[in-house]
Structures are given as structure tokens and as C-alpha cells.
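Working notes, structure below.
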Amino acid sequence: MAKFGFEGSDNEDTKLSAVIAPLVLSYNDRIRPLLDAIDKLRHLQVMKEGIELPTIVVVGDQSSGKSSVLESLAGISLPRGQGICTRVPLIMRLQHHSTPNPELHLEYHNKTIPTNETHIAEAINMATNEIAGDGKGISNAPLTLVVKKQGVPDLTMVDLPGITRVPVHGQPENIYEQISSIIMEYIKPKESIILNVLSATVDFPTCESIRMSQQVDKTGERTLAVVTKSDKAPEGLLEKVTADDVNIGLGYVCVRNRIGEESYEEARMEEAALFESHHLLSKIDKSIVGVPVLAQKLVQIQASIIAKCLPDIVKKINEKLHANVSELNKMPQNLSSTAEAMTAFMRILGSAKESLKKILLRGEFDEYPDENEMHCTARMAEMLNEYSKELQQTCEKKDSTDCFLMEEIRVLEEAKGIALPNFLPRTAFLNVLQRKVKQISSIPVEFVIKGWKYIEEVVIFVLMKHSTNYPQLQSSTRRAAQDLIAKMKEISIYRVMEIVEMEKVIDYTCNPEYMTAWGQLMVNQETFMKVMKDHSKPTQLVLEGFGQVEVGHLRQHSAVVEQAFDMKMRMAAYWKVVQQRLVDNLALHLLFSVQNLVNREMEEEIVNELMGPHGGGIERMLEESPSVSVKRDRLNQSIKLLRDSKKVVAEIMDRITANANGD
Ligand SMILES: Nc1nc2c(ncn2[C@@H]2O[C@H](COP(=O)(O)OP(=O)(O)OP(=O)(O)O)[C@@H](O)[C@H]2O)c(=O)[nH]1
């Protein structure tokens, strides 16, 4: 109990265990305003905003005596009996009031139904039937019972349906799962105090309610056990509560509830007499027996948990309020004229265009610092590098599988004509070039397809992000972007195929690198030819640009080998130029296309699409989309709720401060 810092001595508790009304004397005045504030917050349903309130939750196995405990505390009759009685969460607000006439009412479905002590059980049953249906089903929609009565402790508790594993006749098959999920919802928050009602007639470790509370409160620091039916099973009760096999951090209170048609006062007298004179029960310490002790403990626990949770509640209310107000401010204004709609539309297009310029053209990604996919210039550079590497690797792979110079020799043999032998036939060179280009011809096309796919994803993401507040614009905007990019991709593919085709049929460069590279490669020719002619020399040699090659097989082609070597070296020098051109041209083309897309064509295409037969026109922006208006309503409601809640907690905090200052 020290965990919550409770005050009050055992002696005081002992005195209270005598039959007295009111049940709790001293705490009410101090606790009442705090509890009222929490009850007001509960009534405002601040829990809907994810803010948990300190709550005493009553759990227990079916027929363990939960309702009986509550009626003992409230001094009224609740529906009691065999089988399931509590079918909805019953929020019970007990309030001491000074007038002798009790006032009772039920609150549910936004209505208040006054009732009285005689008809309360009946009224609860009717309300339960209205909430959960006439059968045996259960519901998690709560029913509130307010009891204002002289002498009751100021306490708010939630009684939950009793846990049962076996559905009784007429109950749904999954009754256990339904009840467990309601119980879990209430006992999980760390702000909840679990009042675990255990019947003295059962073995505590076998109780389902113990199993459940242990799941959420392992150390038991927020669990208090009430042992009912002490009169029915007095043997061994003292040992059971002393042994504490089930880890109850806040301790045990043994009670004897009202039995049969006893009046409330009679029941209290019977209970006091039982614990006073029963030969076994009288041995239990008086600080842990009787309903008055239970009332006292609950009031203390409630006060300390409220005091502990209140600052956090205030903080959470303020945070949520702030977050919701700024979200509402970010929402679009309601547009009322075409001019306003046009301005909003142009603003969206303008901001999307600026965003795309930044990420696609200028490489500024301050809007998306953590989303690597949106760092477009870097991603496109990576794609280009990969493409360049793939071009190179594909050629090298092919070269390494062929025997050195054999392709050139074959082509030269076929290009032979009646002509002077030392002229390199151009057709042979073009033939080899064609084969090489053919080997890599699909790579540039795949590159542009991949590039456009990426650009499309980025463009659509940015457009959707900037038009989130106008979902009615999004389908035509998306369509326009997709159509435009599809068109541009087609053009790119055509253009790339043309570039590849040019490389295939024409051999030209003005790049001086070609001559330089050829010159460097030809330095090896003399050594190579010596090996060809002098059969005593080793047939392996290292050639600049080719590494170690085997040349023995070429000695039988001495007529063309020199020419083949020359052709290979020309091709090697020229191929570097071709590869470079294929990378440079595609990079220039793609960047140029992206510039056109962002700077000119996108805007035009989107406007045309929106104004076109399927676009719906700019007027569509005037109709607020249902999702936006639902969101606006939700935010407004939530802001109102939080403002009301803030007022409630502000009042109580002012009071606490005033008290602390001794006002
Ligand atoms: N002898 C005796 N009987 C008790 C005591 N407490 C409860 N009962 C009886 O046990 C039965 C079940 O009590 P309820 O209070 O309806 O139990 P419950 O846990 O609210 O039941 P459900 O909500 O339906 O699960 C009733 O017949 C009560 O009269 C007690 O201290 N002594």
C-alpha cells in the first residue's frame, strides 16, 4: 500500500469496522472535488481521445459477488443472482449528500433516467436490456448509475461482466472472448485500480479474474482483493489471505454481503457480528475485514491514484488540444467561388511544381530529409552508373568467352574481295560493330523504362501529397501525370532505339581520344606479330587493354592476323566512344525530358485533364469531399471536448493551488 502513499492508521480502520453510517467520514470533503473533476471528464468521454482516467475497476469470476460488494458500498439493492447479471460495464458513481432522501438516476444513450432504491434493480435490468438486448448477450457500451445518498463514500467504480468460460443457454459461443476483451480494455491502463472480487469458497489461484489481472499487473501493485462469502467458507480463510499465493499488492479485505432479503443495515450488523464472534473469522485482523474498511481503503486508493494521475492528464489534454488545433489549421478553407477554387488549384500546382523542381532538377531534398527515395538526383545518378556498368560488363563478358581475334578473322574472311590485301574492309568493321551493338541493344531501352517508372512514382507522390486536401482533384491529376509520362516514355523509347540504331550502322567520332587509344593499343602489334611469326616463342602474351591472352591458335591464320589485330584495336578504341555516347546521350535525353515535364508539360496536361470531359472542372473543388468534412467535424468535436476537459482540470488545479497556498 505504501506504493500509493496512503494515509490513515489501522486503528482508525478498526474503529470504522463497527456498524456505522456514513461509511467514510473524513475523506469525502477533500476528495469530492477531485473525483467530481474525474467524473466530469469521464462524462465528457475524454477517454475517446486516448486519455485514460484513474478508475477503480471491479472484476471477478461469474457470481463471485461483484454486484453484492457494490451494493454493500452503495447501500442499495442491485440485480443479484445466479448466472450472468452484469452484461454491460456499469459505472457506479457514489456521492455522499447531506439531505436524508437519496437521489438515484441512470445515464445511458445520452439520457438521464431518474429512479429510486426500490426500483433500481429493475431500472438497471431495463437499461441493460436496452443496451445489450433482451437475451444473454453482453455489450461494452457503459451504463452509469449515480447514487447520491447520505453516508455513502465518494467513489466511482466500474462493475464489469463476470468472467465465464462456459456459455450458458442463449449466450453467444464466444462469450468468454467478448467478456475478456471488455475486461482487458478496462484493466490494461496503468491508471486503473483492479478490485478483484474473489469468493472465499474457491481456490484463489484458479480464478480467471486473478489470471487476467496478473497479465496486466504482474507485481499486483494496483490490485486490491475483496474476499466475499466469508460466512460460507470461514475455514482456512485467514491462512489464504495471509499466504497471499496470488500476489495482491494492495492487500485483502474479507467481507460478508447482504444475503437474501436482509436490509442493508441488517447486513452490516450481521457482518460486524460475524467477524467479531466467529471462532475462526474473529482471528482475522480487523484492519482487513468488513465493508466499512473496504470503503475506507477504496477512498484512500482513489484519492492517491487521482492525485498521481492528474498532472499527466492535464499534460495529455494540452498536448492533444494543441495537436488537433494545428491539424485543423492545416486543413483547407472551404472554397465558395470559382475564383477561390482557381487560386487554390494554382497554388497546389505551383507548390507541387516547385517541389518537383527541387527534388528532380536541383537536388534539394529539404522537404524529404529522411525519405531516400525522394532524393531524386542522387537516385538517378545511381541508376545511370548502374546502367553504364552493365553496358561495360555485358561486352567484357562476351569478349572473355571468345577466342582472341577469332571473331575478327571470321568476319575478315567473309569480307574478302578481289582487292589489295592491306586495306581494312569497312564492311568488316561495321559488321563487328553491328554485332557488338546488338549484344547491348536492350540495355539502354531497359534503362529508360526504369528511369521513367521512378520518375512517375516521384511525380505522382508529390502531386498527391500537395493535393491531399482536395481528394476530388486527385484522380484527374493522377491520370494526367500517368498519361503524360506514358507519352514521354514512348518518345524516349523511340529516341533511344534510334540512338542505338545509329550506333549500329554508322561509325564516326571526332573525339581525339579514339586516335590516342588506338595508337596506344597498336604499340603491342609488333610483339604480337613476332610471336605469330616465330613459332619458338611462347604463345601466351600480355596485351595492353586485354590482359593475358592465348594466341597460339592464330598462327594458322597468318594471312589475315595482322589485319584482324588492327581491326580489334580500332574496335576497342571506338567501343569506348560508343559506350560513352550511349551513357551521355541517354543522360542528356532523360534530364531534358524531366525538365520539360516539370517546367512545361505537366501543368498544361493537368489543366487540360481537369477541364476535359472526364475531369469535372475546377468547380469540383467547391464541393468539399466527404472525407475532408468528416475529418473537419471530427477535429472540431475533439477540440470542443478537449477544451471542455481543459476547463474542468484547470478549475481543479486552481483549487489545488489555492489550497496549497492556504487560501
Ligand atoms: N452467503 C453469501 N452470499 C453472497 C455473498 N456475496 C454474494 N453472495 C451471493 O452470491 C450470488 C452472486 O452474487 P452477485 O453479487 O450477483 O455476483 P456477481 O459477481 O455480481 O455476478 P455476475 O455479475 O452475474 O457475474 C448471489 O446469490 C449473492 O447473494 C456473501 O458475502 N455471502
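The values are calculated or read from the model by the stated rules, or taken from the named source; none is laboratory data. Since the structure is predicted, the reported quantities are computational estimates derived from the model, not experimental observations. All Cβ positions, glycine included, derive from the backbone under ideal geometry; neighbour counts span all protein chains shown. Accessible surface areas use protein heavy atoms only, side chains included; no ligands, DNA or RNA. Shrake-Rupley method; radii C 1.70, N 1.55, O 1.52, S 1.80 Å.
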Counted residues, the stretch 164-192 - those being within 14 Å of the ligand (Cβ to nearest atom) and at pLDDT below 80: 6
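For the condition under 38 Å from the mean Cα position of the chain (by Cα) and either open to solvent by 40 Å² or more (accessible area, probe 1.4 Å) or of a type outside the set (V, I, T) (or both), what is the one hit in A132, A123? It would help to see each step written out before you state the result.
Working: A123 fails: under 38 Å from the mean Cα position of the chain (by Cα).
None of the others qualify; the one that does is A132.
So that you can scan it fast, the table gives a plain yes or no per residue for (1) at pLDDT 80 or above; (2) open to solvent by 20 Å² or more (accessible area, probe 1.4 Å):
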position: N608; (1), (2): yes, yes
position: G617; (1), (2): no, no
position: R620; (1), (2): no, yes
position: R634; (1), (2): yes, yes
position: K646; (1), (2): yes, yes
position: R655; (1), (2): no, yes
position: N659; (1), (2): no, yes
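When only residues in the stretch 222-240 that are within 18 Å of I301 (Cβ to Cβ) and in contact with a Phe, Trp or Tyr (Cβ under 9 Å, 6 or more places away or on another chain) count, which is most open to solvent (accessible area, probe 1.4 Å)?
First, the residues of the stretch 222-240 that are within 18 Å of I301 (Cβ to Cβ): 222-227.
Subset that is in contact with a Phe, Trp or Tyr (Cβ under 9 Å, 6 or more places away or on another chain): 222, 224-227.
Values: R222: 18, L224: 1, A225: 0, V226: 0, V227: 0 Å².
By that ranking, first place goes to R222.
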Residue selected from the stretch 146-159 under the condition in contact with a His (Cβ under 8 Å, 6 or more places away or on another chain) and open to solvent by less than 40 Å² (accessible area, probe 1.4 Å), by the criterion farthest from the ligand (Cβ to nearest atom): D154
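Can you tell me which residue among T527, T509, T516, T539 is under 23 Å from K389 (Cβ atoms) and surrounded by fewer than 17 Cβ atoms within 10 Å (Cβ to Cβ)? I'd like the intermediate steps shown before the answer.
Working: T527 fails: under 23 Å from K389 (Cβ atoms); T516 fails: under 23 Å from K389 (Cβ atoms); T539 fails: under 23 Å from K389 (Cβ atoms).
Going through T527, T509, T516, T539 in turn, just one is under 23 Å from K389 (Cβ atoms) and surrounded by fewer than 17 Cβ atoms within 10 Å (Cβ to Cβ): T509.
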Failed item, numbered, when T539 is tested on (1) in contact with a Gly (Cβ under 6 Å, 6 or more places away or on another chain); (2) touching a residue at least 24 places away in the same chain (Cβ under 8 Å); (3) farther than 20 Å from C395 by Cβ: (2)
Restricting the stretch 329-374 to residues that are under 12 Å from V598 (Cβ atoms) and charged (D, E, K, R), the residue that is surrounded by the fewest Cβ atoms within 10 Å (Cβ to Cβ): R362
Complete set of residues in the stretch 478-501 that are open to solvent by 100 Å² or more (accessible area, probe 1.4 Å) and of a type in the set (A, V, I, L, M, F, W, C): I491, M497
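Scan L433, L463 and give me the residue that is buried (at least 17 other Cβ atoms within 10 Å of the Cβ) and touching a Ser or Thr at 6+ places or on another chain (Cβ under 7 Å). If you could, list the steps in order and put the result at the bottom.
Numbers: L433 fails: touching a Ser or Thr at 6+ places or on another chain (Cβ under 7 Å).
Result of the check over L433, L463: L463.
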Long-range neighbours under 6 Å by Cβ, at least six apart or interchain, first residue more than 6 Å from the ligand (Cβ to nearest atom) within the stretch 64-85, second among the polar types (S, T, N, Q) and modelled with pLDDT of 85 or more: S72/N257; P79/N125
Meets criteria (in contact with a His (Cβ under 9 Å, 6 or more places away or on another chain) and assigned by the TED database to the domain that holds I443) for R570: no
Check on F447, within 30 Å of V598 (Cβ to Cβ), in the same structural domain as E386 (by the TED database) and among the aromatic types (F, W, Y): yes
